[in-house]
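The values are calculated or read from the model by the stated rules, or taken from the named source; none is laboratory data. Here the structure is a predicted model, which is why all the values come from computation and not from measurement. Glycine also receives a Cβ, built like all others from the backbone with ideal geometry; neighbour counts cover every protein chain displayed.
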Amino acid sequence: MSDNKHKDHLRNTDNEDTILFTSPNQPRPQSQRPSQPTHPQQQYYNGQQPPPPRPQQQYYNDQQAPPTRPQQQYYNGQQTPPTRPQQQYYNGQQTPPPHTQQQYYNGQQAPPTRPQQQYYNGQQTPPPHPQQQYYNGQQTPPPRPQQQYYNGQQPVYGYPPPYYAAQPSKPDEKRKKSRKKPKSEKKPEKKKKHKSLIWKIIRRILLSLIILFIIIFGIYSCTSLSLIGKMNHVPTGDRIRTQGAMNEKHVTNVLIIGTDGRTESDRGRSDSMILISLNSKTNEMTMTSFLRDCYVEIRGHGKDKLNASYAYGGPELLMDTIESNFNIKIDDYLSINFSTFASVIDSAGGVKISLSDEEAEAVNVILMSEVNELMGDDRNSDLLSGGGNILLNGKQALSYSRIRSVGKWDLERTSRQRKVITALIKKARSEGVSFVGRLTKKALPYITTNMDKKELYLLSLRVPLLLNYDIAQLQIPADGTFTNVSGTPSGDVLETDFESNKKIIADKIFAQ
């Protein structure tokens, strides 16, 4: 009532509309409540407005309520879990033992106190730092002098110009690229490239040399084997060897037998016997001529001339006779007849020999009486006009090697034989391996030997080295070790001091 009266007494003195607000606890009139919008009723899929009732869930036990779960069975046979046994500690009780207080190294239960630090001044506080002494002898820095400009004056306004921090300049990319590296860095790279290039060149040269060597070696081996196959190989017959005969691994002995056979089937007699000894330690080739009139003991035939052993038993008995009388081991031989010797000299283009007029006349006599007839030529063919340094062909060189009427008979005859062989070796040395191949191609089909293909091939590999060997000559029996004896069943012979000759052979052929 009092509110209504109060309202009636409220007047609007400003002629403005007055809005009255009610208190929050006072209910609003029905006319002032906001009206709520009406929603249309929802239509469900069964055509009715209320939702259809949901069917009750069916469980696996065909009932509408879930089945009850069986109570869990524990390992003690009861439906409640067994009680856990109380923990037993190491002191035999069910409660943990009390912790013992820590004992420190000073025997007390409290940690020892650390001693206070002693400084170098003997006190427990650090000494005060001395004040900095400047170069003017005072403890305050000296005043900085005012900046002097390039015109020697102070700035107009009394203050230096403002300082602007220098901006870092960006290096030009082109200048970066064109910037050269120090020489010290470039030099090792150049040296490395230079060394690698040198090694590449060296490797290529070595590879080329190896390939060239293999090609040459292959051609040489094929040629040697083909020529060796053309030789007449005769297996060594029965031999009676001498025990203790001189032999060294660094010496190879091959006996060259020159026969007076006119044809390949005619064995003839041994006209010359030259032992070729190759010493690999001294790089020396020794040609030892055995005089055919040397009076020796021939097994099964008594005493006779040395060349008679070839007539009795061929090369085997000749090698055994030299081995037993001069105590030098001989395993291999090469046999060559007159016609083959002349063909070899012709293949070499002849040999240059210095002859006396007497020797030239003797050559003509042998040509007319023996050699021209042997070769099937005219009796007066290839005669010499006189002595001098003459290039002899095959027939002339053969006739020169058979001279016995000039000088000391068989002594000088063997010397002439060695002279012809030496001239042939020197010519082969000057013209090279191709010359040797040309010679052997002509001669090998007419040479008889007991050496097998393997031995001959290994010997052929040494030919380039053998051409550079020094050539030495020896005669057995040596001068002063024999005497001429006449009236023996074999005619005129040479009685020989065999022990002296054995020593000469050992010193000369088997030198270290």
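Kindly indicate whether any position in the range 378-390 is on the phi > 0 side of the Ramachandran plot, out of contact with any strand residue (DSSP E or B) (no Cβ under 9 Å at 6 or more places or on another chain) and loosely packed, with under 15 Cβ neighbours inside 10 Å. Scanning the range 378-390, I find no residue that is on the phi > 0 side of the Ramachandran plot, out of contact with any strand residue (DSSP E or B) (no Cβ under 9 Å at 6 or more places or on another chain) and loosely packed, with under 15 Cβ neighbours inside 10 Å, so the answer is no. Out of curiosity, is E373 free of Cβ contacts under 8 Å to residues at least 12 places away in the same chain and of a type in the set (D, E)? Considered against the rule, which asks whether it is free of Cβ contacts under 8 Å to residues at least 12 places away in the same chain and of a type in the set (D, E), E373 comes out as yes.
Screening E323 on (1) acidic (D, E); (2) surrounded by 20 or more Cβ atoms within 10 Å (Cβ to Cβ); (3) in contact with a strand residue (DSSP E or B) (Cβ under 8 Å, 6 or more places away or on another chain) shows it passes everything except condition (3).
Here's the yes/no breakdown for (1) on the phi < 0 side of the Ramachandran plot; (2) over 51 Å from the mean Cα position of the chain (by Cα); (3) not in a helix (DSSP H, G or I); (4) not hydroxyl-bearing (S, T, Y):
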| site | (1), (2), (3), (4) |
| --- | --- |
| F435 | yes, no, no, yes |
| L444 | yes, no, no, yes |
| M451 | yes, no, yes, yes |
| N468 | yes, no, yes, yes |
| S500 | yes, yes, no, no |
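The set of residues in the range 391-404 that are of a type in the set (K, R) and either surrounded by 19 or more Cβ atoms within 10 Å (Cβ to Cβ) or in contact (Cβ under 8 Å) with a residue 24 or more places away in the chain (or both) comprises K395, R402. In contact (Cβ under 8 Å) with a residue 12 or more places away in the chain, farther than 26 Å from F290 by Cα and touching a strand residue (DSSP E or B) at 6+ places or on another chain (Cβ under 8 Å): does that describe G350? When the stated conditions are applied, G350 does not pass them. Taking the conditions (1) in contact (Cβ under 8 Å) with a residue 40 or more places away in the chain; (2) assigned to a strand (DSSP E or B) in turn, P315 satisfies each one other than (2).
Could we say that V485 is at pLDDT 90 or above and either of a type in the set (D, E, K, R) or over 15 Å from I276 (Cβ atoms) (or both) here? Explain how you work it out, then say what you get.
Numbers: at pLDDT 90 or above: yes; either of a type in the set (D, E, K, R) or over 15 Å from I276 (Cβ atoms) (or both): yes.
Against the criterion (at pLDDT 90 or above and either of a type in the set (D, E, K, R) or over 15 Å from I276 (Cβ atoms) (or both)), V485 qualifies.
Please determine whether any residue of the range 368-376 is over 29 Å from P477 (Cβ atoms), in contact with a strand residue (DSSP E or B) (Cβ under 7 Å, 6 or more places away or on another chain) and not basic (K, R). No, because not a single residue in the range 368-376 is over 29 Å from P477 (Cβ atoms), in contact with a strand residue (DSSP E or B) (Cβ under 7 Å, 6 or more places away or on another chain) and not basic (K, R). Checked against the criterion of being more than 24 Å from T422 (Cα to Cα) and among the β-branched types (V, I, T), the candidates T321, T340, T288, T282 yield just one match: T321.
Reported count of residues in the range 226-255, each being in contact (Cβ under 8 Å) with a residue 12 or more places away in the chain and part of a loop (DSSP other than H, G, I, E, B), is 17. Being within 23 Å of L474 (Cα to Cα) and in contact (Cβ under 8 Å) with a residue 60 or more places away in the chain: is that true of T321 here? No: the conditions fail for T321. On the given criteria, is G432 exposed (fewer than 15 other Cβ atoms within 10 Å of the Cβ), closer than 28 Å to L291 by Cβ and among the small types (G, A, S)? The answer is no for G432. Residue count for the range 272-314, restricted to those that are touching a Ser or Thr at 6+ places or on another chain (Cβ under 6 Å) and not aliphatic (A, V, I, L, M): 9.
Residue pairs whose Cβ atoms lie under 7 Å apart, separated by 6 or more positions or on different chains, with the first residue in the range 405-419 and at pLDDT below 90 and the second part of a helix (DSSP H, G or I), are S405/A362; V406/E358; V406/E359; V406/A362; V406/E412. With respect to the conditions (1) farther than 28 Å from N450 by Cα; (2) touching a His at 6+ places or on another chain (Cβ under 7 Å), Y312 lacks only one, and its number is (1). Just so you know, in the range 227-247 the residues that are at pLDDT below 85 and polar (S, T, N, Q) include one that is farthest from M451 (Cα to Cα), and it is Q243. Between L456, L474, L467, the distinction of being modelled with pLDDT of 90 or more and surrounded by 13 or more Cβ atoms within 10 Å (Cβ to Cβ) belongs to L474 only.
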